[in-house]
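The values are calculated or read from the model by the stated rules, or taken from the named source; none is laboratory data. Just so you know, these numbers come straight off a predicted model, no measurement behind them. With ideal geometry, Cβ positions are generated from the backbone for all residues, glycine too; neighbour counts draw on all protein chains shown. The area values use the complete protein model at the heavy-atom level, side chains included, leaving out ligands, DNA and RNA. Shrake-Rupley method; radii C 1.70, N 1.55, O 1.52, S 1.80 Å.
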Amino acid sequence: MPDTHNLSSLIEALRRLPGVGAKSAARMAYHLMQHDREGAVLLARSLEGAVKAVKHCQRCHTFTENDICSTCLDTARDQAKLCVVETPADQAALERTGAYKGYYFVLMGKISPLDGVGPKEIGAQKLIERATDGAVQEVILATNFTAEGEATAHIIGNLLKSRGLQVTRLSRGVPIGSELEYVDLGTIAHALEDRR
């Protein structure tokens, strides 16, 4: 049997990606080695470059290649609003809407007591310092609507309210273009509760 140590290492590395199991990782590795070696080299260089260059913004904690990200440097944004999200991907999704023009704070996670992740581990102290800088008037909690996201919003909301800040939460509701008979009951219940 030929030596396949490097191929096995590649498969194990690919398994570290979310949602990628052993079969998918093997399929990707074999594809790269058999059909797209140039793509494999590009992937390796891109990963190495990103790991070396990308860091956290000192102000909002998102990913950037500079000390302060371009969003935080944008003086045209509304400094009175601070939107708290779990990940840079969540921030990017909100930015794509074009509906929000304030600043962000990225937690880089969510509170999960079972996993040993509390307010300290997601940077709650840095968030409090950012939110109490004197310019922020409203903190918008835009964590996900999962059990952990709700717990994160609740705990962080209480911490910020105790410091006199106005705290709001993204509302939940029926998606645009959907028919009520096909929407899950929890979403309908929250839409009724959060109606305006």
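Remarks
- Ligands, DNA and RNA excluded, the heavy atoms of residue 146 present near 60 Å² of accessible surface to a 1.4 Å solvent probe.
- Note on residue 161: lysines with a C-alpha under 17 Å away, same-chain residues under 8 apart excluded, are 81, 126.
- Loop sites in the range 75-179: trypsin sites (Lys or Arg not before Pro), DSSP, at most 15 other Cβ within 10 Å: 77, 101, 120, 163, 172
- Cross-link partners of residue 55 among aspartates and glutamates (Cα-Cα below 15 Å; sequence separation of 8 or more within a chain): 65, 67
- Carbon plus sulfur fraction of accessible area for the chain, probe 1.4 Å, in percent: 55
- Shape category assigned to the range 75-164 from the gyration tensor of Cα positions, a/c cut at 1.5: oblate
- The phi-based Karplus calculation (6.51 cos²θ - 1.76 cosθ + 1.60; θ = phi - 60°) puts the 3J(HN,Hα) values of the range 13-21 at 5, 5, 5, 6, 6, x, x, 9, x Hz, whole numbers, x for Gly and Pro.
- Residue 103 accessible area, 1.4 Å probe, all protein chains in place, Å² to nearest 10: 20
- Prolate/oblate/rounded call for the range 106-156, Cα gyration tensor, a/c under 1.5 rounded: oblate
- A Cβ-based charge dipole, computed about the Cα centre of the chain with Lys and Arg at +1 and Asp and Glu at -1, lands at about 320 debye.
- Between amide H atoms placed 1.01 Å from N, distances below 5 Å from residue 140 occur with 82, 83, 84, 168, all of them 5 or more places distant or on a separate chain.
- 5 angstrom amide H check on residue 62, placed H, neighbours 5+ away: 57, 106
- Crossing angle, helix 22-35 versus the chain [Cα axis fit, 0-90 degrees, rounded to tens]: 60
- Residue 8-residue 92 FRET efficiency (beta carbon distance; Förster radius 35 Å; 0.05 resolution): 0.55
- Residue-normalised accessible area of the chain, expressed per residue, 1.4 Å probe, Å²: 66
- Global geometry of the range 34-123, whether rounded, prolate or oblate, following the gyration tensor of its Cα atoms and the 1.5 cut on a/c: oblate
- Estimated [θ] at 222 nm from DSSP helical runs (n ≥ 4, -39500 (n - 2.57)) normalised by residues in the chain, nearest 500: -13500 deg cm²/dmol
- Loop sites in the range 125-196: GluC sites (Glu not before Pro), DSSP, at most 13 other Cβ within 10 Å: 179
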